[in-house]
1. What is the packing order of peptides 9-18, 154-163, taking the mean over residues of other C-beta atoms within 10 Å and listing the highest first?
2. Sort 336-344, 280-288, 365-373 for me by packing, meaning the mean count of neighbouring Cβ atoms within 10 Å per residue, highest on top.
3. Using the per-residue mean of other Cβ atoms lying within 10 Å as a proxy for protection, in what order, highest first, do the peptides 387-393, 23-29, 85-91, 223-229 fall?
Amino acid sequence: MSRRIKIELTSKQPDGTWTWRAAGAQQPKGTVADSVVPSGVAVKDIVEADVESDLDGNRVLAIAVPKAKAARTGFLEILPSDKPFEAVTQQLRKKGPRDGDKRRGPRRDKGDGPRGERKDGDKRRDGAEGRSDRPRRPFFETPPELPQRPKAKRIRPLRVNVDAVLAELPEAQRAIAEKVLNGGVPAVRAAVEEQNKKAVAEGREKVPAEGLIQIAENLLPRLRVAEWRDKALAAETIIEEVDLRDLRGIVVSAEQLVALDEATRALVTKMKQALVVRQETETKNWLEDVAAATSVGRVVRALRLSSQPPKAGHPFPAPLAQQLADATVAGLTADAPAERWIALLEAAAFSPVHNKVLPAAAPTVVTEELTKTVVRLSPLMPQIAALFGIAVDPKARAPRPLQQPRGGDKGPRKRAGDLNKAADAKPGARAPKPEAKTDAAPQADVKPEAAPTPVEAAVEAPAEVVAEVAPEAAPEASTEAPAAE
């Protein structure tokens, strides 16, 4: 499939061909026949061309004739005026009441009576007689804010080592290498199959796929090492602030590399040592943040932090766990509102102290949202379900945390009770069993849409290029063993 880009004609060869390159860049570049170049075009002119890329390189299919700039016409002429210039003046009104303003009533004299007295029959009387019978909400003092730690930086690798490897390859193998970087050897195999289908439909011969697949397998180890080095070098520049997920992924992927040199082995060792240091630092900060949030009264935040350890399986300290459990129980009082119970239970169910939270009594007011929350969290907190008189289904699956709304989303902010739509049961009912049959059908419909089709990932290669590249696969296979896919 061709694409239109702007190219610059750099020179004209004695044989009649022209050399070109992308306007303002060095790549892509190539040659074009004199018959394609329109008349009136000279060297160093920038024109628009239709370029097609395949395994053989880039080919210019057509060049558009540059449009001449039209003369600008239709200007408006500004005619001078004979009138004398007068400056704009303004006059501000003095402060005071406006004349004729009848919206305000007569001013009350000071001797009319005390300010607090009201007429008979006025409902806003002083004292308890005019107050409503609605009970007042319990006073809740907002805990102080805690300083936020700086967010970890994600790595942004550059294509330094990958471009160096591509520069060493022949022109015919670069397209194969780019395909290997995007999808591995299966992407090359799918591209060849798609090209063979088009060749059969057009009555041409099939492309021998064995040679291209062998070249892709030989290039895969070098490309994977170069790609890993780009990520590791990007992480090395921010090694003290890099995100643990990125650093852990670099260390795990290093175990799959083959044919490493001394510099790459030293870089792998450095990444492993940095991962150990970063995990220890993040674990220390994690425990300090949980303890600080618990001490100032931000129990919900402390519970959520305790459920997100930097390293999976790290033990939670027993003294801190007891302190966090006591703070959670202190917030689950009988006179606390249902929204407070929902927020604390949602955060405590997925924390390491979920089995130590046992309030003294159930709340006075039990809403429908609170009952649904207790039913949904009953597999993780059976002691809370027993407190509400709800039986726990032994076959019920453990629930997942609710997805909190993002800060940038538009619309009103929803509470935890509004987000809890999974459990639809009444007090005393069992938790609903998961319906596996009904959920399987939508998932099967979604997965094929997310995966790219072979047609979209295909790269067309002409038969002439394959005939030139395929014989090179045999000597490379004898000197270098193909890497496992």
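Only the coordinates and a few stated rules stand behind these numbers; no lab work does. Please read all numbers here as calculations on a predicted model, not as lab measurements. When we count neighbours, we look across all protein chains shown, and the Cβ atoms used for this are built from the backbone with ideal geometry, even at glycine.
1. The peptides rank, most packed first, as 154-163, 9-18.
2. Answer by packing, highest mean first, reads 336-344, 365-373, 280-288.
3. 223-229, 387-393, 23-29, 85-91
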